[in-house]
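See structure below.
The values are calculated or read from the model by the stated rules, or taken from the named source; none is laboratory data. These figures come from a predicted structure and were not determined experimentally. Virtual Cβ from ideal backbone geometry, glycine too; neighbours counted across all protein chains shown.
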Amino acid sequence: MANHLITGGTGLVGRALTEQLIHDGHQVTILTRDPSKQTSFSPQLTYRSWDPYRQTIDEQAIREADHVIHLAGANVAEQRWTVNRKKEIVDSRVRSGRFISACLKNIPNQVSSVVGASAQGWYGPDPSIPNPTPFTEHDPVHSDFLGETCKLWEESLSDVSSLGIRLVQLRIGIVLSTKGGALAEFRKPVCFGITPVLGTGAQMISWIHIQDLVSMIRWSLQENNVSGIYNASAPHPVSNKELMRSLAKTSGVPFIPIPVPAFALKLLLGEMSIEVLKSTTMSSEKIRQSGFSFQYPEIGQALADLLGE
């Protein structure tokens, strides 16, 4: 079985991916700044040290790896976007990506493929709602903070291809999981019978079930003819209002929408409110045409599975 080296392995996606890879019989190595603070739940899981800011790494992690999955990056939605926080969001992605590229160039290894995370923030807002032409991988980067962040993020791994290593980069939509992320925040008020609708509620959300994202990463590693940029979102985006309606239905509570005005979100979140209110409709056509099959293409299916109904 293969050895998979993961950065960001203790995050939401990294944890789910690690569990699945181990279940499939693979070895997993997670890079962390302090391996002594981590506890392995399986003999197939190893932690090794690295620090992309200080440019240090346990070289054995690179030498042993067959595949690299680069997921590292500070949580975009965790704090208000101060000047320092913005710098941390960018640096955590770009420095780590450049360091991984340098390690693959300078340390002898047998890595055959790299999968890197990017995000839907590459794209700007929908020109109209609904958007008759969802964003595809060929659309140009948007000029706002997250657009520029995604551009630098993707560029940080671009040298990998010149090393003869297959590179796949996934522009990931809103990940739905019961173990953290956006769904947990959306669900909190619904548990009390309150269904807030953000702004007008018409803004489109390009989402993906955590298990489909894990499957997509594994598929990207296995399919040798797959390379380049792919949108990682379900085939059927939904509006914020429709998401909350489906969430209320799945949770067994009445849907009584309570509008949260845009100005209130701006006061609460600052500049980050732009992303909360932005409508982004991504196309999943390229990855489906390449052979990937979604297990949860519809929001109702995804929520029913995640919430155990």
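Screening Arg85 with (1) assigned to a helix (DSSP H, G or I); (2) in contact with a Lys or Arg (Cβ under 8 Å, 6 or more places away or on another chain); (3) free of Cβ contacts under 8 Å to residues at least 12 places away in the same chain gives one miss only, at (2).
A quick yes/no check of all residues on (1) of a type outside the set (S, T, N, Q); (2) at pLDDT 80 or above; (3) within 17 Å of Val226 (Cα to Cα):
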| residue | (1), (2), (3) |
| --- | --- |
| Ala262 | yes, yes, no |
| Lys278 | yes, yes, no |
| Thr281 | no, yes, no |
| Glu285 | yes, yes, yes |
| Ser290 | no, yes, yes |
| Phe294 | yes, yes, yes |
| Gly300 | yes, yes, no |
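Number of residues in the stretch 175-218 that are free of Cβ contacts under 8 Å to residues at least 60 places away in the same chain and among the aromatic types (Phe, Trp, Tyr): the value is 1.
Residues in the stretch 138-181 that are more than 16 Å from the chain's Cα centre (by Cα), surrounded by fewer than 20 Cβ atoms within 10 Å (Cβ to Cβ) and of a type in the set (D, E, K, R): Asp139, Asp144, Glu148, Glu155, Asp159. Of everything in the stretch 190-201 that's surrounded by 15 or more Cβ atoms within 10 Å (Cβ to Cβ) and hydrophobic (A, V, I, L, M, F, W, C), which residue is nearest to Ala262 (Cα to Cα)? Checking each candidate, the answer is Leu198.
Any idea which residue in the stretch 122-146 is farthest from Val238 (Cα to Cα), counting only those that are polar (S, T, N, Q) and touching a residue at least 24 places away in the same chain (Cβ under 8 Å)?
The first filter runs over the stretch 122-146 and keeps only residues polar (S, T, N, Q), leaving 128, 131, 133, 136, 143.
Those still in the list that are touching a residue at least 24 places away in the same chain (Cβ under 8 Å) too: 131, 136.
On the way: Asn131: 12, Thr136: 17 Å.
The selected residue is Thr136.
Restricting attention to the stretch 92-137, the residues that are closer than 16 Å to Gly164 by Cβ and at pLDDT below 95 total 0. Considering the stretch 1-74, the qualifying strands (runs of 3 or more DSSP E), each wholly inside and each with 1 or more residues that are under 15 Å from Trp219 (Cα atoms), run over 3-7, 67-70.
Taking into account only those residues within the stretch 164-174 that are aliphatic (A, V, I, L, M) and in contact (Cβ under 8 Å) with a residue 60 or more places away in the chain, which is nearest to Gly11 (Cα to Cα)? Break it down into steps so the answer makes sense when it comes.
Looking only at the stretch 164-174, we keep the residues that are aliphatic (A, V, I, L, M), and these are 165, 167-168, 170, 172, 174.
Filter once more, so that each one left must be in contact (Cβ under 8 Å) with a residue 60 or more places away in the chain: 165, 167-168, 170, 172.
Values: Ile165: 25, Leu167: 22, Val168: 20, Leu170: 16, Ile172: 14 Å.
Residue satisfying both the conditions and the ranking: Ile172.
Test Arg187 against the stated conditions and say whether it is of a type in the set (Lys, Arg) and either surrounded by fewer than 14 Cβ atoms within 10 Å (Cβ to Cβ) or in contact with a helix residue (DSSP H, G or I) (Cβ under 6 Å, 6 or more places away or on another chain) (or both). For Arg187, the condition - of a type in the set (Lys, Arg) and either surrounded by fewer than 14 Cβ atoms within 10 Å (Cβ to Cβ) or in contact with a helix residue (DSSP H, G or I) (Cβ under 6 Å, 6 or more places away or on another chain) (or both) - is not met.
Is the stretch 62-75 home to any residue that is at positive phi and more than 19 Å from the chain's Cα centre (by Cα)? No, there is no match, as no residue in the stretch 62-75 is at positive phi and more than 19 Å from the chain's Cα centre (by Cα).
Restricting attention to the stretch 39-73, the residues that are farther than 17 Å from His4 by Cα and either of a type in the set (Asp, Glu) or surrounded by 15 or more Cβ atoms within 10 Å (Cβ to Cβ) (or both) add up to 3.
Out of Glu19, Glu64, Glu88, one residue alone is among the charged types (D, E, K, R), modelled with pLDDT of 95 or more and touching a strand residue (DSSP E or B) at 6+ places or on another chain (Cβ under 6 Å). It is Glu64.
Just to be sure before I move on: is Val253 over 20 Å from Gly124 (Cα atoms) and either of a type outside the set (Gly, Ala, Ser) or modelled with pLDDT under 90 (or both) in the structure I sent? Walk me through how you get there before you give the answer.
Numbers: over 20 Å from Gly124 (Cα atoms): yes; either of a type outside the set (Gly, Ala, Ser) or modelled with pLDDT under 90 (or both): yes.
Yes: the conditions hold for Val253.
All of (1) of a type in the set (Ser, Thr, Tyr); (2) modelled with pLDDT under 95; (3) in contact with a helix residue (DSSP H, G or I) (Cβ under 9 Å, 6 or more places away or on another chain) hold for Ser40 with one exception: (3).
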